Structure formats: structure tokens, C-alpha cells
Amino acid sequence: MSKTYNFYCDESTHLQNDGMPYMMIAYVSVAYNQLNIHKEAIKGIRARHKVKGEIKWSNVSHGAYPFYAELIDYFFSTDINFRSIIVDKSKIDESREGFTYDDLYFRMYYQLIHHKINQGYTYNLYLDIKDTRSHKKLKKLNDILKYNASIRNCQFIRSHESSFMQLTDLIMGAINYKLRGLNKVIAKNKLIEKIEQHSKVPITKSTPKTADKFNLFFIDLQ
């Protein structure tokens, strides 16, 4: 039986000269036939905690922690999956002939999507629109992925339109926070501990390639 999945893709500290040590690209995957169930469940969690704004890693605080803790518990109790590609920017060698930072960025997107696609299923890709270059980026991604008949749709949406896109931002933010050695916010530290307890792996290392629920791939550029 054919299945359809939506991938909600986002990126963090991915710009070449943003002064951040890691490029991160990630998605949350949701089975199409489960979308409304998960939307309503997340809406219910919001209502219980009286949360109206966007789900964001930057919004995790002492007062907001119960909401984010329940949201992470919900994620790990469902069939929603998370996958991320992480690149140590200090390992990027721009002296190679024909190499550009943009090329690497798109190769990482290919790595993110390609290795988890089942050719018997169909996929809708949604990316967070961020700047005036977004539509040029969308064309390039479509060119890279067009060979794959399983990808039915690839388009931009705005993060405030999707709790799933926001969930990608949240989990990716937790990983980036720990990788950078930031530990000043107790609520954020507690949420990272909760993620690691559920996933049973440290979020600073690659998971097994076969991991589906929570998949991290730290690219080795050497």
C-alpha cells in the first residue's frame, strides 16, 4: 500500500559567515494520513498550557518548560520522526577547485532527503521561507531532487503556518545549543536531558544509520 509523508524542513546557523560553528539542516516527518490527529493533539497541548505564540527553541524558559516538555513527550510517543544533517564548518575546505559553499549546502540537503526516501511511497517537502533568495533556492532544490519520482511536491511555507515546522526548529535548536556548549538556561538544559532520555543517545553524535525516530548524521568532510 502506498503511503504519503510530509517533510517539514528547516535550517539553522547555515550561513557561511554567520560566525556559528555548525551548519544544521533538518526535517520532521509526518505521515499524511496522521496530519489532522497530530495537529489536534498539539493544539490541545497548547491549550492546556495557554501557549499562543510560535514553538521556538529561543522561547524555552522556566515558565514555558512544562509546555515544551509535554510537546517533546508527545513527539517521542508518536510516529513523527526527526532527521538532521550537521556540518562542522571548520572542516569545510574552500580551496578545492570548483567548490563553493552553496554547492555544499545543496549537497547536504540532498543527503538529508535522499537516504530516507522509500521509492514505494510519495513525499511532500515543505521548507521554511526565510529571505529574498528563497525562491532561487527552491528552484535549485527542485533541480536536484526532480530525478526522484517519489517527491510529489516541494514548496515553501512560513514557519508560523505549521506546528510541525516549528517542531523541527525546536529539536534542531536543542542540538545546536548543546553542540555549542551553551548551558546557562536551566529549562533548556532540562529539555535537552529529556530528549536524550527518550532517544537513548547523546545528541552530539551520529545515530545508527537505521535509526528512524531520531536520526542524526554528523558529516565527515575529511
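The values are calculated or read from the model by the stated rules, or taken from the named source; none is laboratory data. Please read all numbers here as calculations on a predicted model, not as lab measurements. Cβ sites come from the backbone with ideal geometry, for glycine too, and all protein chains shown count toward neighbours.
The lone criterion from (1) over 24 Å from PHE156 (Cβ atoms); (2) surrounded by fewer than 17 Cβ atoms within 10 Å (Cβ to Cβ) left unmet by GLY53 is number (1). A single member of SER77, SER95, SER58 is surrounded by fewer than 20 Cβ atoms within 10 Å (Cβ to Cβ), more than 30 Å from ASN148 (Cβ to Cβ) and touching a residue at least 60 places away in the same chain (Cβ under 8 Å), and it is SER58. Each residue in segment 181-222 was checked for being in contact (Cβ under 8 Å) with a residue 60 or more places away in the chain, within 16 Å of TYR68 (Cβ to Cβ) and not in a helix (DSSP H, G or I), and 1 pass. If you go through segment 184-216 and keep only what is more than 13 Å from MET172 (Cα to Cα) and polar (S, T, N, Q), you end up with ASN189, GLN197, SER199, SER206, THR207, THR210.
Between LYS200, LYS139, LYS184, the distinction of being surrounded by fewer than 16 Cβ atoms within 10 Å (Cβ to Cβ), at positive phi and among the charged types (D, E, K, R) belongs to LYS200 only.
Of the helices (runs of 4 or more DSSP H) lying entirely inside segment 4-122, those containing at least 3 residues that are small (Gly, Ala, Ser) and either more than 17 Å from the chain's Cα centre (by Cα) or at pLDDT 95 or above (or both) are 35-49.
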